Amino acid sequence: MQLFMILNMNPADRTTIVRDVVLVCLADAIVGVSFGATAVAGGLPPWVPVAMSLLVFAGGSQLAATSVVLAGGSPAAAVAAGVLLNTRLVPYGFAVADVTGNRWYTRFLGAHVTTDESVAFALRQAHTDTRKFAFWACGISLFVSWNAATIVGTVVGTMVRNTGSFGLDATFPAVMLALALPVLADGRTRAAAGTGAVTAVALTPVLPAGLPVLTALAGLAWLRSPWPRSPRPRWRRPRWRRPRWRRPGPPCR
Amino acid sequence: MPIAAVAVLAAVTYAFRLAGPAFRQRFRIPPAARDLPASAAAVLLIALAATSALTQGHGFAGWARPAGVTAAGLLAARRAPFPLVVVTAAVVTALLRLAGVP
């Protein structure tokens, strides 16, 4: 099945997809190495990051759960943070349900390689064949490279004793920042994230570790505000209103 | 982190992923609920980035780490390649620590 799908495609499309997939895998491999190294250097046994990469396979939640545990939080708080981050995978699953095929084993396999990256690659393609190829190529290569990188990271983490002097502790927050940036183009989400971050940092000295991050969700109240959904240029005039003296015409629909 | 925590996180994550392919024929996600998880994820990620950049335990982490993360964030906002962003965070922090900044 997969072979025919590849043969049907335009070779130029295929080359572009393969090139982009390789670049994404390289970028994520760097994150994977820093994930494995930071987890092990922080005192976790090497099987924890390796098992997480294999079974959870969702970078953001792995980083989140690990950083909660490394900050001294309880496993329950770590799992809660990871689970909340992964709720976005539910709409992803609905968005790419057509590319994972009809057989039960392709569905089960496809579900596991549903990530930010593979969904983005699939949705960028217009035709079903290229969508399928992009999804599977990205998903499978990412699974292999992410797990290989995590193993390399755990080895690096055991060899390098003083990871602080290499600045490795700054890579986690940097990655999480970079992951969140595209969603922050929306003004209300930006306000929610800003409020949440200030709340979490302010409560860190008083609350037990792991809880301050969850209090940040209070910032989501901004989403109900009457602000525009997308950023609007400042110079735009207020909305035009129908003059009072004109009789309303027939309803449009 | 106990093995049960990893197992629970893995199981719930897989259930989230399987929901789409399994229930697509039966119902659809309302448009209002489609954007909320992405926003919630961004809020959590930014809060995690802020706390792990600024705090260590219950106190301040020192200036080197937030400086490195800020440099990386500026690069990311200018759409620099991802590997460069990650490496910048580590290098800036390491150089500041080498210069004696805590």
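Want the number for A:Thr158 to A:Thr128: 0.36 nm per residue separation, take away the alpha-carbon distance, what's left? It would help to have the intermediate numbers written out before the result.
Details: separation 30, 0.36 × 30 = 10.80 nm, distance 4.48 nm.
Going from the current span to full extension adds 6.3 nm.
Exposed loop chymotrypsin sites (Phe, Trp or Tyr not before Pro) only (DSSP loop, at most 13 other Cβ atoms within 10 Å): please give the longest stretch of chain A free of them, not including the sites. All intermediate terms of the calculation are to be shown ahead of the outcome.
Values: sites that count: A:Trp235, A:Trp240, A:Trp245.
The reported range is A:1-234.
Nearest 500 deg cm²/dmol is fine: what mean residue ellipticity at 222 nm does the protein assembly as shown get from its DSSP H runs of n ≥ 4 alone, each adding -39,500 (n - 2.57), divided by its residue count?
Working: 16 runs with 235 residues, N = 355.
Calculated from helices alone, the mean residue ellipticity at 222 nm is -21500 deg cm²/dmol.
Tell me the relative contact order for segment A:186-232 as a rounded percent, counting alpha carbon contacts under 8 Å between residues six or more apart. Numbers along the way, then the final one.
Values: 51 pairs, mean separation 27.1, N = 47.
Normalised by residue count, the contact order of segment A:186-232 is 58 percent.
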With a cut-off of 8 Å between alpha carbons and a minimum separation of six or more residues, what is the relative contact order of chain B in percent? 20
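Going by the alpha-carbon gyration tensor, a ≥ b ≥ c the square roots of its eigenvalues, is the protein assembly as shown rounded (a/c under 1.5) or, if a/c is not under 1.5, prolate (a/b greater than b/c) versus oblate?
Values: a/c = 1.68, a/b = 1.15, b/c = 1.46.
Here the protein assembly as shown falls in the oblate category.
For segment A:63-158, just say rounded, prolate or oblate: build the C-alpha gyration tensor, square-root its eigenvalues into a ≥ b ≥ c, call rounded for a/c under 1.5, and beyond that prolate if a/b exceeds b/c, oblate if not.
Details: a/c = 2.68, a/b = 1.71, b/c = 1.57.
Prolate, since a/c reaches 1.5 and a/b exceeds b/c.
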What is the percent of Cα-Cα separations in chain B that go past 25 Å? 47
Inter-chain shielding of A:95-104 (mean C-beta neighbours from other protein chains, 10 Å cut-off): 3
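Express the relative contact order of chain A as a whole percentage, based on alpha carbon pairs under 8 Å and six or more residues apart in sequence. Walk me through the numbers on the way to the answer.
Details: 272 pairs, mean separation 63.9, N = 253.
Across chain A, relative contact order equals 25 percent.
Given axes a ≥ b ≥ c from the Cα gyration tensor, I'd like to know whether segment A:186-232 is rounded (a/c under 1.5), prolate (a/b larger than b/c) or oblate.
Working: a/c = 3.88, a/b = 3.01, b/c = 1.29.
Judged from the Cα gyration tensor, segment A:186-232 comes out prolate (a/c at least 1.5, a/b above b/c).
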Among A:Ser165, A:Ser118, which comes first, second and so on when ranked by fewest other beta-carbon atoms within 10 Å? A:Ser165, A:Ser118
Name the long-range amide H neighbours of B:Thr55: under 5 Å, sequence gap of 5 or more, or other chain; modelled H, no Pro or chain starts. B:Ala61
For a Förster distance of 41 Å, can you work out the FRET efficiency between the beta-carbons of B:Arg34 and A:Val18, rounded to the nearest 0.05? 0.85
Between segment A:104-150 and segment A:171-230, the Cα center-to-center distance that results, in Å: 29
Let's test this: bin the Cα-Cα distances of segment A:1-148 at 5 Å from zero up to the farthest pair and state each bin's percent. 2, 10, 18, 20, 18, 13, 9, 6, 3, 1, 0
For segment B:74-82, just list the computed ³J(HN,Hα) in residue order, Karplus coefficients 6.51, -1.76 and 1.60, θ = phi - 60°, integers in Hz, with x standing in for Gly and Pro. 4, 4, 5, 5, 8, 6, 6, x, 4
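Read-outs: derived from the displayed coordinates by stated rules, not from any lab. Computed from a prediction, not measured in an experiment: that's the story for all the values here. Here Cβ is always computed from backbone atoms with ideal geometry, including for glycine, and neighbour counts include all displayed protein chains.
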